[in-house]
Number of protein chains: 2
Amino acid sequence: MATIHDVAHEAGVSISTVSYALTGKRSVSEATRKRVEEAALTLKYLPNAGARMMGGTRSHIFALTAPMRHDTNPAVHMSFVLSLVNEARKFDYDVLLMTEDEATRGLERVTKSRLVDGIILLDVAADDERVELVRDLPIPSITIGVPDNTDGLICVDLDFRAVGEIAVRTLAEYGHRSIALVGQAEETYGRGATFPLRLRNGFDEAAARRGINTHFVFGDSNGGRLRARLEDLFNKEHPPTALVLNCDEFGHKTVESYLAAKGLRVPDDVSLLSAGTSFDMDELDIPLDTIDRNY
Amino acid sequence: MATIHDVAHEAGVSISTVSYALTGKRSVSEATRKRVEEAALTLKYLPNAGARMMGGTRSHIFALTAPMRHDTNPAVHMSFVLSLVNEARKFDYDVLLMTEDEATRGLERVTKSRLVDGIILLDVAADDERVELVRDLPIPSITIGVPDNTDGLICVDLDFRAVGEIAVRTLAEYGHRSIALVGQAEETYGRGATFPLRLRNGFDEAAARRGINTHFVFGDSNGGRLRARLEDLFNKEHPPTALVLNCDEFGHKTVESYLAAKGLRVPDDVSLLSAGTSFDMDELDIPLDTIDRNY
DNA sequence: CTGAAAGCGCTTACAG
DNA sequence: CTGAAAGCGCTTACAG
């Protein structure tokens, strides 16, 4: 492996000039910068990661804690993780994966050993214990998902309230006056995840403003249970003419097959709108999927 | 953050003694070792990761390349990733997550910068391009999944052939003479994944040895298509009395609901055996799940 | 059984 | 615009 000395020698400059030319932390004459870059390229030079961590103050690594709860949707989870890693790379950062086992002690370990420069908390619940921990840590951290106490934190999340509102507005404009929301599994609401509740609030309030009749059923990983709830739903006096699906992929499929078995055609008899979910819809015939971002 | 000097001072020894006492790379008298450990504990000392990488020869980090293909089962994928991270921690290793975007250039980067000590390739296909790459890299790597050319590689995988054999043997012992295998999606076989084929081979050969009649249908992420195949299957002259399910969770559920709709009871009319899959079976009533390991 | 010291390969004040 | 040199915090021969 070529070192900074090799590059300096090849380019005929000092190692400090190589460092400055490559990091851009000091202005370097156009000519020497070019020579250094060429030398680095021909020698296939990459700075030694350990030396970079020691000499400087940055490790160029983030820690990512991504807990797998019982009700975590693996597909959605993975898409978040992959996006994060790819985005980090654009800033010359790598991502260290922390498991739940290590959630607390591990974060302290990688922080105190200066292995990571920052921490990303994925899928943060309202009363997430990781939040208290990272607040005391001397490195920056951000949460994806909004905890109850956001003091001193930078929180990022999708605007699920807006998703609920947009879903209602869209269907209202098509003339629907009775709309049902098929939500996440019941336990997801229980464990403090805030996004399904925010979506539901946006949904309810937008419907109330328009005087629209609403229904709600929990999603379910058990097809029979979900089908039974749908059956109840459509046996009501004013059954919905549109369904907003915030459940998982299996829920979507169950709804589809339930409607088909029931002889209800989409969109002639019932409209379907998928909202606030993210998975591959290739196998479905859902007309729309709405997600907005906020900060 | 406490450094090795702080610990040395606190324990009244030299920094080299601290290093040796903590790493165990040289014998240290019982008494001083204890003093060093106590000092480290009270100062909450953790070795600086960058310094450890530089001074020594190890970064204590593995790179994990875990491609998400179109037919990747996210749940299975995640369970592999989490297991790997947890197992790595037992050897004082952290795991750096590489995405597909960086599969080739990224591996070279983390190797040449000495960021990682080794590479783990997950879900390796028969003609996986990553295999050629890591063969030339100066650090060790292991594959999970077996490529065509295993020269100079250490390959690890589950023994899916044995899974297929065990499935047949188990059902044969219960007296079944006509067994169907519900496999992975058709495209999974196409892209060079070897495990479903190995399972199928084990299944076929074990059945042939026993003179058992076999059927095969591809799994499918589309419920209708899979149901149609099952319908064909049970309309045959000698329909199966047992199904071995190597399909994904949705496939399992589709089979269940198909059998229920058909009026076929489990296990009275048809036996079900889940083989070579890994996901939470809480929502199913499958009787058995078999996986064996080999090296 | 233990210590003084070189060295790992960078970054970054300090000088010119 | 550039260089010589200190220093980051470890590990590990070299000495005793």
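Overview of values
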| item | result |
| --- | --- |
| Segment A:68-108: C-alpha gyration tensor shape, a/c 1.5 cut-off, then a/b vs b/c | oblate |
| Where labels lie 7 Å past Cα in the beta-carbon direction, separation of residue B:237 and residue A:3 in nm | 7.8 |
| Buried accessible area, chains B and A (both chains, 1.4 Å probe, Å² to nearest 100) | 4400 |
| Exceeding the 27 Å Cα-Cα cut-off - candidates A:236/B:262; A:112/B:25; A:34/A:90; A:262/B:253; B:25/B:90 | A:236/B:262 |
| Amide H partners (placed H, <5 Å) of residue A:181, local residues excluded | A:215, A:216, A:217, A:244 |
| Interchain or long-range residues, amide H under 5 Å from residue B:156's placed H | B:143, B:144, B:145 |
| Charge-dipole axis of the protein assembly as shown as Lys and Arg at +1 and Asp and Glu at -1 on Cβ define it, positive-most pick from A:62, A:51, A:172 | A:51 |
| Solvent-accessible area lost in complex, 50 Å² minimum, residues of segment B:76-90 relative to chain alone, 1.4 Å | B:78, B:82, B:86, B:89 |
| Calculated label separations, residue A:57, copies of the chain, 7 Å along the beta-carbon direction, nm | 3.4 |
| Additional length obtainable on full extension of the chain from residue A:149 to residue A:83, 0.36 nm per residue less Cα span | 21.1 nm |
| Residue closest to axis [chain A; rotation mapping onto B; Cβ; Å] | A:74, 2 |
| Helix-only CD estimate at 222 nm, as mean residue ellipticity for the protein assembly as shown, using -39500 (n - 2.57) per DSSP H run (n ≥ 4) | -13500 deg cm²/dmol |
| With all protein chains modelled, accessible area of residue B:200 [1.4 Å, Å²] | 70 |
| Accessible surface ranking that places the most exposed of B:16, A:141, A:27 first, with a 1.4 angstrom probe | A:27, B:16, A:141 |
| Where Rh is the Kirkwood radius over Cα pairs, Rg/Rh for chain A | 1.14 |
| Per-bin percent of Cα-Cα distances, segment A:85-218 [5 Å] | 2, 9, 17, 16, 14, 12, 10, 8, 6, 4, 2, 0 |
| Other copies of residue B:264: label-to-label distances in nm, shortest first, labels 7 Å along the beta-carbon direction | 3.0 |
| At least 20 Å² of accessible area lost relative to the chain alone, listed for segment B:190-236 with a 1.4 Å probe | B:221, B:222 |
| Around residue B:168: net Lys/Arg minus Asp/Glu count, Cβ-Cβ under 10 Å | -1 |
| Position residue A:44, label points 7 Å along Cα→Cβ, spacing to each other copy in nm (shortest first, one decimal) | 4.3 |
| Highest-fluctuation residue, A:170, A:17, A:188 considered, GNM on chain A with Cα pairs under 10 Å | A:17 |
| Accessible surface, 1.4 Å probe, highest first, among residues A:25, B:236 | A:25, B:236 |
| Whole-number percent relative contact order across chain B, with pairs defined as alpha carbons under 8 Å at least 6 apart | 14 |
| Heavy-atom accessible area per residue - chain B, 1.4 Å, Å² | 48 |
| Two-site FRET efficiency, residue B:42 against residue B:222, from Cβ-Cβ distance with R₀ of 41 Å, rounded to 0.05 | 0.10 |
| Of B:214, A:15, A:122, farthest towards positive along the dipole that unit charges on Lys, Arg, Asp, Glu beta carbons give the protein assembly as shown | A:15 |
| Portion, in percent, of the accessible area of the protein assembly as shown that falls on carbon or sulfur, probe 1.4 Å | 51 |
| Residue among B:148, B:92, B:117 with the largest mean-square fluctuation in a Gaussian network model of chain B, springs linking Cα atoms under 10 Å | B:92 |
| Top of A:11, A:63, A:275 by mean-square fluctuation, Gaussian network on chain A, Cα under 10 Å | A:11 |
| C-alpha center-to-center spacing [segment B:139-218, segment B:1-79] in angstrom | 42 |
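The values are calculated or read from the model by the stated rules, or taken from the named source; none is laboratory data. Owing to the predicted nature of the structure, the values given are computational and were not obtained by experimental measurement. FYI the Cβ positions are ideal-geometry reconstructions off the backbone, even for glycines, and counts take in every protein chain you see. Note: areas computed on protein heavy atoms with side chains; ligands, DNA, RNA excluded. Shrake-Rupley method; radii C 1.70, N 1.55, O 1.52, S 1.80 Å.
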